[in-house]
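Quick notes on the structure that follows.
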Amino acid sequence: MNQVIIAVATGLYAGNLSAGSRRIAVSALALLLWLPLKNLPLPAYLAMLLSFYVLGFLIAGTAEKLLDRTDAQPIAIDEIGGLLVSLSMVPHHPLAWTLCLVAFHLFHRLKPWPTTWIGQHLHGGIGVMSDDLVAGIYAAVSLQLLYRLAALIA
């Protein structure tokens, strides 16, 4: 059972790759999970996200204990969740998907407020998952603003 938890927590071991390869593998995995869900009505998609996050809190917290490290680098389920959040309202076009992935990784790396605060004050699986949730929200909101601005200009 522990191996299943580690496999899920690390995004099928994508979290064990080097930084650049990890980003690509985790993004690809998130897209593969998102593609069959992208046409769900928003309430159903949000219910799926809530379920994913509850499961992610449990899996990430357990993986931290199994790996004996706080917010262990191989844990990737948090990034997958953040990417699923950022993809929640993206237009159905590969260029928009790419822009979304770039925006998420930018916010994930920059860690604007309150991302760092959350990472320092929430512990266990909730702490692991929550900072990427915030990065996903920042990416989704900024892209929605960008799409609306582009529509006004066009």
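Some notes on this structure:
- Restricting ILE118, ILE77 to those that are closer than 22 Å to ASN16 by Cα and either surrounded by fewer than 20 Cβ atoms within 10 Å (Cβ to Cβ) or touching a helix residue (DSSP H, G or I) at 6+ places or on another chain (Cβ under 9 Å) (or both) reduces the list to ILE77.
- Check on GLU79, assigned to a helix (DSSP H, G or I) and touching a Lys or Arg at 6+ places or on another chain (Cβ under 9 Å): yes
- Of all residues in the stretch 31-85, those that are within 17 Å of ILE118 (Cβ to Cβ), at pLDDT 95 or above and of a type in the set (Ser, Thr, Tyr) total 1.
- Helices (runs of 4 or more DSSP H) contained in the stretch 86-154 and holding at least 2 residues among the β-branched types (Val, Ile, Thr), at pLDDT below 95 and closer than 25 Å to THR62 by Cα: 115-121, 124-153
- For the stretch 84-129, residues that are in contact with a Phe, Trp or Tyr (Cβ under 9 Å, 6 or more places away or on another chain) and hydroxyl-bearing (Ser, Thr, Tyr) total 3.
The values are calculated or read from the model by the stated rules, or taken from the named source; none is laboratory data. Only a predicted model underlies this, so the values are computations on that prediction, with no experimental measurement involved. Using ideal geometry, Cβ is built from the backbone for each residue, glycine included, and neighbour counts are taken over all protein chains shown.
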